[in-house]
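Novice: Mind looking over this structure? Questions follow.
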Amino acid sequence: MPDTDLLSLQIDHMGILQSRYEQVLEDHGYDGLLISSGAAPMRYGDDQSWHFQGYGPFLHWTGLAGFEHAWLLIRKGRKPLLSLYQPVDFWHASLELAQEPWLEEFELRFSESRSAPELSGVSQLAVIGDPSLLVDLPGDENPGALRAALDETRVHKTAYEIACLTHANKLAMAGHHAACDAFLSGASEFEISLAYQRATQQREADAPYHSIIGVNEHAGTLHYQYYDTAPPTKSRSLLIDAGVRYRGYCSDITRTTAGVGEGRFAALVQGLEQLQFRLCKMVAPGVDYVDIHRKTHLGIAALLSATGLVSGLSDEEMVAEGVTRAFFPHGIGHFLGVQVHDVAGKPVPSPADAPFLRLMRTLEPGMVVTIEPGLYFISSLLEPLLSGPFGRHISRPLLDELQGCGGIRIEDNVVVTDSGCRNLTRESEG
């Protein structure tokens, strides 16, 4: 059972959401909104379904990640109606609903049918969710302007949401410590994954995303998805990007560890971590997130120069000529919430110099972002650089030595406060 303070914050959260949603509905000419929780689609040509974690707006209200075929009806001036699908079924167990105070804020129903509840007392209805589950329902289906406005209700997190994200960070950091210990003891990627799951008490399928666990050169694949069951002959590096879902809310944390005797790589890890500290401290109201991304490239350039990987070019030249993008090809981060890459981050397109950046906004209090600089040795990105006019500025012997370590990423989850920021991940390291 969560602590009483968290449960009290959740009641406040419900009131805030009711106010925000009622305003959005009024602005867009609706007096009711029906939200589908979703359902796991069946695999093609099979009788098995994919794993299910729920639709974002439904999780925003309930945090109930595993409830398929559930419905939430929002109406002005009335309690939300929450209809949960609970069939009589001897093949599968039905999820149990913890009896917590927030349920008193809902009109709660249980149904043996997957159908939407009766929609009485609503004249102008909008329905949102997976279109395949909204067939034959009345109302406007997934209206774009309304959905965009609802996404905005998730940009500024409530105190309850920040408390959930804080706890998700604490749980995940316990897993990261266990994973690091397993790596240093010579474990395989698969064994490291088991150590992470054991420490977090979370199945891989229930994690907010598939954990990225790359040892040695595998750390150079940004979203490496396979786990070797046999340990390498020599464990040179570990990159683990893994989180925890708590009451619907996601942590998203990355750590990189150098193996024993990897002094040069360890120095790079330490250098990137120092850069990451500085970038996190940039998070504050009024800061353009793109500026943090661009400052990252200057920091990567300084690190490349200081370690001797690149010489004969100024930091500014390295950035302008795309040298740093070969080592740091992704964006500095994204919004975080009930989705790992939370919504409403790109009201405008990414700039040409940051095509993969997922967040294009000026920071405001209540936003939660990730800060995740990286430095990688990816052959497909480095080969054009090496064969071009800037190849002579790169130390090939040093690059050859480091490529077997794959790369580095360090990622924290940071809340924008009224006067600066809180780093939820560093608070949770213990």
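The values are calculated or read from the model by the stated rules, or taken from the named source; none is laboratory data. Since the structure is predicted, the reported quantities are computational estimates derived from the model, not experimental observations. Note that we place each Cβ from the backbone using ideal geometry, even for glycine, and neighbour counts take in every protein chain shown. Areas reflect the complete protein model, heavy atoms only, side chains present, ligands, DNA and RNA absent. Shrake-Rupley method; radii C 1.70, N 1.55, O 1.52, S 1.80 Å.
Novice: Please specify each residue of segment 195-250 satisfying the condition of being part of a loop (DSSP other than H, G, I, E, B) and under 19 Å from VAL269 (Cβ atoms).
Specialist: Taking segment 195-250 first, the residues part of a loop (DSSP other than H, G, I, E, B) are 201-203, 207-211, 221-236, 243-244, 247-248.
THR221, LEU222, TYR224, PRO232, LYS234, SER235, ARG236 - these are the residues of segment 195-250 that are part of a loop (DSSP other than H, G, I, E, B) and under 19 Å from VAL269 (Cβ atoms).
Novice: Here is a further query. Tell me which residues, restricted to segment 18-29, are surrounded by fewer than 21 Cβ atoms within 10 Å (Cβ to Cβ) and either in a loop (DSSP other than H, G, I, E, B) or touching a strand residue (DSSP E or B) at 6+ places or on another chain (Cβ under 6 Å) (or both).
Specialist: HIS28, GLY29 - these are the residues of segment 18-29 that are surrounded by fewer than 21 Cβ atoms within 10 Å (Cβ to Cβ) and either in a loop (DSSP other than H, G, I, E, B) or touching a strand residue (DSSP E or B) at 6+ places or on another chain (Cβ under 6 Å) (or both).
Novice: Just checking: which of the helices (runs of 4 or more DSSP H) contained wholly in segment 309-394 hold 1 or more residues that are crowded, with 22+ Cβ neighbours inside 10 Å and modelled with pLDDT of 95 or more?
Specialist: Values: elements: 315-320, 323-327, 379-387.
Ranges flagged: 315-320, 323-327.
Novice: Just to be sure I understand the filter: pairs with C-beta atoms under 7 Å, separated by 6 or more residues or on different chains, first member in segment 30-50 and part of a strand (DSSP E or B) and modelled with pLDDT of 95 or more, second member of a type in the set (Val, Ile, Thr) and open to solvent by 20 Å² or more (accessible area, probe 1.4 Å). Which pairs pass?
Specialist: Hits for this filter: GLY32/VAL122.
Novice: Further, regarding this structure: When segment 66-116 is examined, which residues are found to be part of a loop (DSSP other than H, G, I, E, B), among the charged types (D, E, K, R) and farther than 22 Å from SER132 by Cβ?
Specialist: Those that are part of a loop (DSSP other than H, G, I, E, B), among the charged types (D, E, K, R) and farther than 22 Å from SER132 by Cβ: LYS76, ARG78, LYS79, GLU96, GLU100.
Novice: If you don't mind, there's one more thing I want to ask. Specify which of the listed residues (VAL283, VAL290, VAL215) is within 30 Å of ILE11 (Cβ to Cβ), at pLDDT 95 or above and among the hydrophobic types (A, V, I, L, M, F, W, C).
Specialist: Values: VAL290 fails: within 30 Å of ILE11 (Cβ to Cβ); VAL215 fails: within 30 Å of ILE11 (Cβ to Cβ).
That would be VAL283, the only listed residue that is within 30 Å of ILE11 (Cβ to Cβ), at pLDDT 95 or above and among the hydrophobic types (A, V, I, L, M, F, W, C).
Novice: Exactly one of these conditions fails for SER185: (1) closer than 30 Å to PRO231 by Cβ; (2) in contact with a Lys or Arg (Cβ under 7 Å, 6 or more places away or on another chain); (3) surrounded by fewer than 15 Cβ atoms within 10 Å (Cβ to Cβ); (4) not hydrophobic (A, V, I, L, M, F, W, C). Give me its number.
Specialist: It is condition (2) that SER185 fails.
Novice: Could you check segment 277-293 and list, in sequence order, the residues that are aromatic (Phe, Trp, Tyr) and exposed (fewer than 15 other Cβ atoms within 10 Å of the Cβ)? Write out each step before concluding.
Specialist: Taking segment 277-293 first, the residues aromatic (Phe, Trp, Tyr) are 277, 289.
The answer is PHE277, and nothing else.
Novice: Just for segment 93-113: of the residues that are under 30 Å from the mean Cα position of the chain (by Cα) and over 25 Å from GLY15 (Cβ atoms), which one is least open to solvent (accessible area, probe 1.4 Å)?
Specialist: SER94
Novice: For segment 64-87, what are the residues that are farther than 25 Å from ASP206 by Cβ and either among the aromatic types (Phe, Trp, Tyr) or open to solvent by 60 Å² or more (accessible area, probe 1.4 Å) (or both)?
Specialist: LYS76, GLY77, ARG78, LYS79
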